[in-house]
Amino acid sequence: MRAAMRPLPLLALAATLAAASPALAEAPKVVASIKPVHSLVAAVMEGVAEPALIVRGAASPHTYAMKPSDAKALAAADLVFWIGPELEGFLDKPVTANARKATSVTLLEAPGVTLLDAREGGAWEAHDHGHEHKHDHKHAHEDEHGHDEVNTHIWLSPANARAMVAAIAEALSAKDPANAAAYTANAERTARSIDALDAELKAALAPVAGKPFVVFHDAYQYFEAQYGLNGVGAITVNPERRPSAKRLSEIRAKIGGLGAACVFAEPQFEPALVNTIVEGTPAKKGVLDPEGADLKDGPGLYPALMRNIAASLKDCLGS
């Protein structure tokens, strides 16, 4: 008889623990668009719950097509974090149509985020590099140039990443006050780790600052500005479209004229174009990944992503 009664206290204890720890049961359902955003959101939510990710694996937001599972995740979401329609155009309508009960947080508009203008043409002029405007002036800039001319790869600036983390924590705390203290503590810890990462990368990249290189598309401007790097051109303006023969010719001339040391491909796009550009020039080939295609999802992805970019640049430019 006693043996039959023993499980009851354990059941009662489990019920008591569940009641005393409502975070996992009551945490909001959160969806993040791309891997770098997901990583920062996961860092802020660590110990509370895990966000869902839409663009998984090596997929690119430039070419992504929504799946039924994505629509289902959006329909269940309480919060959706994304850069904005300028980057994740595939999400523009679904955020409204599917995520009807969710709060949408457009991180391109987060307070404290500094925006850089997208550079035009296959070969950038020196005066274009570093032209920037603050978020507060963004709407005036839209009237003059159009919002789609903003460079959307904002997470490649550590300062922007810290601002994104603050906005993520604020939105989560507003939606889930019971776990606000955890979100705040996680955000503060993440900001400190980003500061340390920034200092580490500055030291690592100092020896290659100023050396000219060409990228596949203009994704790295924030990274270049932060670390004094010298990107001189991009193979394509729009990674969804194959560049013309004229653009390829312009980039080859830029490599020769400025002595570009390296031309960088990206894992999500056709590497043959880089071979075409480099052929017959002294430039070397490398690979840069702005989104962490081969990295494991989660809080550790963002620092790994930044370190990988720095290592690729240093290995190619420094050798």
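The values are calculated or read from the model by the stated rules, or taken from the named source; none is laboratory data. These numbers were taken from a predicted model, which means no experiment stands behind them. Backbone-built Cβ (ideal geometry, glycine too); neighbour counts: all protein chains shown. Accessible surface areas use protein heavy atoms only, side chains included; no ligands, DNA or RNA. Shrake-Rupley method; radii C 1.70, N 1.55, O 1.52, S 1.80 Å.
Quick notes on this structure:
- In region 241-260, of all residues being open to solvent by less than 30 Å² (accessible area, probe 1.4 Å) and part of a loop (DSSP other than H, G, I, E, B), the one that is modelled with the highest pLDDT corresponds to Ala260.
- When we screen Lys202, Lys211 for residues that are touching a Phe, Trp or Tyr at 6+ places or on another chain (Cβ under 7 Å), basic (Lys, Arg), open to solvent by 20 Å² or more (accessible area, probe 1.4 Å) and closer than 27 Å to Lys314 by Cα, the only hit is Lys202.
Per-residue answers, yes or no, for (1) more than 19 Å from the chain's Cα centre (by Cα); (2) over 20 Å from His153 (Cβ atoms):
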{"site": "Ala203", "(1), (2)": "yes, yes"}
{"site": "Ile251", "(1), (2)": "yes, no"}
{"site": "Ile255", "(1), (2)": "yes, yes"}
{"site": "Gln268", "(1), (2)": "no, no"}
{"site": "Ala283", "(1), (2)": "yes, yes"}
{"site": "Val287", "(1), (2)": "no, no"}
{"site": "Ala293", "(1), (2)": "no, no"}
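- Within region 222-240, the residues that satisfy the criterion of being open to solvent by 50 Å² or more (accessible area, probe 1.4 Å) and in a helix (DSSP H, G or I) are Ala225, Gln226.
- Search result, residues across region 42-79 that are polar (S, T, N, Q), closer than 29 Å to Phe216 by Cα and open to solvent by 40 Å² or more (accessible area, probe 1.4 Å): Thr63
- Scanning region 303-319 for residues that are out of contact with any Leu (no Cβ under 6 Å at 6 or more places or on another chain) and either of a type outside the set (A, V, I, L, M, F, W, C) or surrounded by fewer than 19 Cβ atoms within 10 Å (Cβ to Cβ) (or both) yields a total of 7.
- Test for Val214: is it part of a strand (DSSP E or B), of a type outside the set (D, E, K, R), modelled with pLDDT of 80 or more and in contact with a Cys (Cβ under 9 Å, 6 or more places away or on another chain): yes
- Counted as qualifying within region 98-183 are the strands (runs of 3 or more DSSP E) with 2 or more residues that are surrounded by fewer than 20 Cβ atoms within 10 Å (Cβ to Cβ) and modelled with pLDDT under 65, namely 132-134.
- Top-ranked residue of region 270-296 - restricted to ones that are open to solvent by 30 Å² or more (accessible area, probe 1.4 Å), out of contact with any Asp or Glu (no Cβ under 9 Å at 6 or more places or on another chain) and assigned to a loop (DSSP other than H, G, I, E, B), ranked as farthest from Met45 (Cα to Cα): Gly280
- Neighbours by Cβ (under 9 Å, 6+ apart or cross-chain): first from region 268-281, touching a residue at least 40 places away in the same chain (Cβ under 8 Å); second part of a helix (DSSP H, G or I): Leu273/Leu248; Ile277/Leu248; Ile277/Ile251; Ile277/Arg252; Ile277/Ile255
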